Amino acid sequence: MTRTRKPAGHIAFVGAGPGDPGLVTRRAYDALADADHVVYDRGVPDTLLTALREVVPPEAEWSPAEGAPGDVAKVLLNEAKSGRNAVHLVTGDPFGHDSVVREVQAVARTAVRFAVVPGVSQSAGVATYAGVPLAGVRTVADIEDIAEVDFPALAAGLRRGSIALSVDAGDLAAVRDGLLASGVEGSTPVAITGDGTGETQYTTVSTVDSFVAAALGFSGRAVLSVGTGVQLRDKLGWWENRPLYGWRVLVPRTKEQAGAMSERLRAYGAIPCEVPTIAVEPPRTPAQMERAIKGLVDGRYAWTIFTSVNAVKAVWEKFAEHGLDARHFGGVKIACIGEATAEAVRSFGIQPELIPGTEQTSEGLLAEFAPHDEMLDPVGRILLPRADIATETLVAGLTEMGWEVDDVTAYRTVRAAPPPEEIRNAIKQGGFDAVLFTSSSTVRNLVGIAGKPHQRTVVAVIGPKTHDTAIEFGLRVDVQPEHASVPDLVEALASYAVELREKLATMPPKSRRGSKVQGPTALRFR
């Protein structure tokens, strides 16, 4: 009898980069997506681990790397020999760690397949994010054991060009003493960066003989960029100079909708905090929607008008229930209020016929919608799937134009549960730099479940109706984009932040205290 051997798994040593999930390579993501067990170094930031957990299969095991290199290699080999794929996730680049090199050597002595996935080194990556070019001859080192550092070699490297060192904050004094003892001039410029490539990265500029005092309060890993490149930081520093850098921004949206806005905010440097204020639920009586879906397939409607992404989602979920797809929309024209709603329709393979160009509201749609013409429009009925909130303006305007409107409840919006007490207190006490409202209901519900934002919080609204509701609730509106869309709303907030920064730069120091333009909360108390 032939026995089938269980296929062996494989091992991947994966460099996670310096901390920003955007710096993790595609090959690293592929290795993680294939993992059964992820062994991670404790130095990998929690925010990065959280982001990478979305890539790893949910049933995969996670455990911290414990013990000597031989112990870690043993765990990885046992997994592979059991037919499971193991990943050792490390900060920076795998070969930037002597301990990981020894693990790879131990695995290489066996027949187990392995791969080493490079990562952006912590020191070089953070130096770039800090705006310090390491041009020409450079020395880059991610230091694990300060006792093994060859300071004369570092000093020689500095004489030829620049150096970047990633070290524990507790070892900074030893680095200073080692550099000075090796002949490095005390006046040599140094940039010290904490939380490198993270949401609260902070860089201060000093010199070799005084950078320890300048780094007071730093914890964890710090990156020292040493050399003439430090002098270019004022012009080349980009990560910390993004318009919304360090701003804590409240995003009161449903969990499904908050993601896109949060990503845009992060691109501008903000720290978004998602607080769902609305929960979306099916209508209490589904019969209306059932008839509407049947009417779409039977050619009962000339137009379908979508006023929200949730309405699009509700219709397509009903389509899926009945085994229907985009082809069953043939012959029905689609209008959308807002670019986000239009994008949701496009994601199902359909291009909307009408999106208001100037004012993306009910009034804007009515201004561009053609009256019913019996000769051109043999079918004179419109489907309007909506929330359980009335849409009188739109229905009345379409009816006046000669259209028959089936105003159908596609979903219900209910108030979400209150956020944790810590978030509620931050909202009321000014812990957020800005809040972005994307509908009147987000205003009403946020105030209802958490209270009014503090008066120093910048209030940004997506359009005129949301503006009016915010005023009605006693809020001061600071930002409103010309076009009612999420990208325009975030862009408008970023522009406003730039204006505040410019205003702050012209104010005398005494006037800044207590001023709304004193800077984001994340950086204000450094």
Practice prompt. Hey, can you grab everything whose amide H is under 5 Å from the amide H of Thr207? Only 5+ residues off in sequence or another chain; H modelled, so Pro and N-termini drop out.
Written response: Val190
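Can you give the extra length, in nm with one decimal, that the chain gains between Thr25 and Ala260 once fully stretched, where that is 0.36 nm per residue apart less the Cα-Cα distance?
Numbers: separation 235, 0.36 × 235 = 84.60 nm, distance 2.16 nm.
Answer, rounded to one decimal: 82.4 nm.
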Response to the item:
Sequence order, the range 218-225: Karplus ³J(HN,Hα) from phi using 6.51 cos²θ - 1.76 cosθ + 1.60, θ = phi - 60°, Hz rounded, Gly and Pro as x, gives 5, 9, x, 8, 10, 10, 9, 10
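Assuming R0 = 22 Å, what is the FRET efficiency of Glu502 and Ile471, from their Cβ-Cβ distance, to the nearest 0.05?
In this case the efficiency is close to 0.25.
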Worksheet item: Among 339-349, 17-27, how do they line up from the highest to the lowest mean number of other beta-carbon atoms within 10 Å?
Response: 17-27, 339-349
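Which shape class applies to the range 36-164: rounded if a/c is under 1.5, otherwise prolate when a/b exceeds b/c and oblate if not, where a ≥ b ≥ c are the square roots of the Cα gyration tensor eigenvalues? Intermediate results must be reported in sequence, preceding the final value.
Values: a/c = 2.63, a/b = 1.70, b/c = 1.55.
Since a/c reaches 1.5 and a/b is larger than b/c, the shape of the range 36-164 is classed as prolate.
Rg to Rh ratio, the range 235-380, alpha-carbon atoms and Kirkwood radius?
When Rh is taken as the Kirkwood radius, the ratio is 1.08.
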Fill in: Charge-dipole axis of the chain as Lys and Arg at +1 and Asp and Glu at -1 on Cβ define it, positive-most pick from Ala80, His322, Val226
Val226
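Let me know the charge dipole size of the chain about its Cα centre in debye, to the nearest 20, where only the beta-carbon of Lys, Arg (+1) and Asp, Glu (-1) is charged. List each step's numbers first, then the result.
Numbers: 54 positive and 64 negative charges, 174 e Å.
Dipole about the Cα centre, nearest 20: 840 debye.
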Response to the item:
Taking placed amide H atoms and a strict 5 Å upper bound, the residues 5 or more places from Val251 or on another chain that come that close are Cys273, Glu274, Val275
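Of Lys318/Lys452; Lys235/Lys465; Lys428/Lys465; Lys313/Lys503; Lys294/Lys452, which ones are farther than 32 Å apart at the Cα? Each step should come with its number before you reach the end.
Working: Lys318/Lys452 37 Å; Lys235/Lys465 42 Å; Lys428/Lys465 23 Å; Lys313/Lys503 43 Å; Lys294/Lys452 44 Å.
Where the Cα-Cα span goes over 32 Å, the pairs concerned are Lys318/Lys452; Lys235/Lys465; Lys313/Lys503; Lys294/Lys452.
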Worksheet item: Non-local amide H neighbours of Arg84 (under 5 Å, H modeled in plane, Pro and chain starts lacking H): which ones?
Response: Gly9
Worksheet entry | Zone of Leu236's modelled label, taken as backbone nitrogen in the range 100-137 under 14 Å from a point 7 Å along Cα→Cβ | 124-137
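Relative contact order for the chain: what is it in percent, counting Cα pairs under 8 Å that are at least 6 residues apart? Write down the numbers at each step before the final one.
Details: 1027 pairs, mean separation 55.0, N = 526.
Normalised by residue count, the contact order of the chain is 10 percent.
Using a 1.4 Å probe on the protein heavy atoms, what percent of the accessible area of the range 269-340 belongs to carbon and sulfur?
Numbers: 1750 of 3250 Å².
Summing carbon and sulfur atoms, their accessible area is 54 percent of the total for the range 269-340.
For the chain, what is the calculated [θ] at 222 nm in deg cm²/dmol (nearest 500), taking -39500 (n - 2.57) for each run of four or more DSSP H residues and dividing by its residue count? Can you show the working numbers first?
Details: 21 runs with 196 residues, N = 526.
Only helices count here, giving -10500 deg cm²/dmol.
Quick one: accessible area per residue over the range 311-418, 1.4 Å probe, rounded to a whole number of Å²?
Working: 5300 Å² over 108 residues.
Ligands and nucleic acids excluded, the result is 49 Å² per residue.
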Worksheet item: Order of 363-376, 146-159, 221-234 by packing, highest average Cβ count within 10 Å first?
Response: 221-234, 146-159, 363-376
Fill in: Under Karplus coefficients 6.51, -1.76 and 1.60, residue-wise ³J(HN,Hα) of the range 168-181 in Hz, glycine/proline x
5, 4, x, 9, 4, 5, 5, 5, 4, 5, x, 5, 5, 5
Worksheet item: Can you list the HN-Hα couplings for the range 41-51, worked out from phi with the Karplus curve (6.51, -1.76, 1.60; θ = phi - 60°), rounded to whole Hz and with x for Gly and Pro?
Response: 6, 5, x, 5, x, 4, 4, 5, 4, 4, 5
Worksheet item: At what distance in nm do the modelled label points of Thr200 and Leu49 sit from each other, each positioned 7 Å from its Cα along Cα→Cβ?
Response: 1.8
Item to complete: Tell me the label-point distance for the pair Arg424, Asp209, using the 7 Å Cα-to-Cβ offset, in nm and rounded to one decimal.
Response: 5.6
Worksheet item: So how far apart, in nm, are the two label points at Val414 and Ala147 if each is 7 Å from Cα heading toward Cβ?
Response: 6.2
Worksheet item: Given the Cα-Cα distance of Lys81 and Glu482 and 0.36 nm per residue of separation, how much length would full extension add, in nm?
Response: 138.3 nm
Discussion item. I need the shape label for the chain. Rule: rounded when a/c is under 1.5, else prolate if a/b > b/c, else oblate, with a, b, c from the alpha carbon gyration tensor.
Written reply: oblate
Discussion item. Along the charge dipole of the chain, pointing to its positive end and built from +1/-1 on Cβ of Lys, Arg, Asp and Glu, which listed residue (Gln105, Ala287, Trp247) has its Cα farthest out?
Written reply: Gln105
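With a ≥ b ≥ c the root eigenvalues of the C-alpha gyration tensor of the range 413-452, is it rounded (a/c under 1.5), prolate (a/b larger than b/c) or oblate?
Values: a/c = 2.46, a/b = 1.33, b/c = 1.85.
Oblate.
Under unit Cβ charges (Lys, Arg +1; Asp, Glu -1), what dipole magnitude, rounded to 20 debye, does the range 419-470 have relative to its Cα centre? Display every interim value, and only then the final one.
Values: 6 positive and 4 negative charges, 29 e Å.
Charge dipole, the range 419-470, about its Cα centre: 140 debye, nearest 20.
Would you mind putting 451-462, 187-198, 42-53, 294-305 in packing order, based on average other-beta-carbon counts within 10 Å, highest first? Walk me through the intermediate numbers first.
Details: 451-462: 20.4, 187-198: 22.2, 42-53: 15.8, 294-305: 18.1.
In descending order of packing, they fall as 187-198, 451-462, 294-305, 42-53.
Using 1/(1 + (r/R0)^6) with R0 = 45 angstrom and r between the beta carbons of Ala106 and Val379, what's the FRET efficiency to the nearest 0.05? It would help to have the intermediate numbers written out before the result.
Working: r = 73 Å, r/R0 = 1.63.
The pair Ala106/Val379 has a calculated efficiency of 0.05.
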Fill in: Charge dipole of the chain about the Cα centre (unit charges at C-beta), most positive-ward option of Gly22, Ile334, Val414
Gly22
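What number, in percent, do you get for the relative contact order of the range 254-412 if the mean sequence gap of Cα pairs under 8 Å and at least 6 apart is divided by its residue count? It would help to have the intermediate numbers written out before the result.
Working: 227 pairs, mean separation 41.1, N = 159.
RCO, the range 254-412: 26 percent.
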Response to the item:
Magnitude of the Cβ-charge dipole (Lys and Arg +1, Asp and Glu -1) of the range 332-476 about the Cα centre, nearest 20 debye, reported as 960
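The values are calculated or read from the model by the stated rules, or taken from the named source; none is laboratory data. Owing to the predicted nature of the structure, the values given are computational and were not obtained by experimental measurement. Cβ coordinates were reconstructed from backbone atoms using ideal geometry, including for glycine residues, and neighbour counts include every protein chain displayed. Surface accessibility is based on the protein's heavy atoms, side chains included, excluding ligands, DNA and RNA. Shrake-Rupley method; radii C 1.70, N 1.55, O 1.52, S 1.80 Å.
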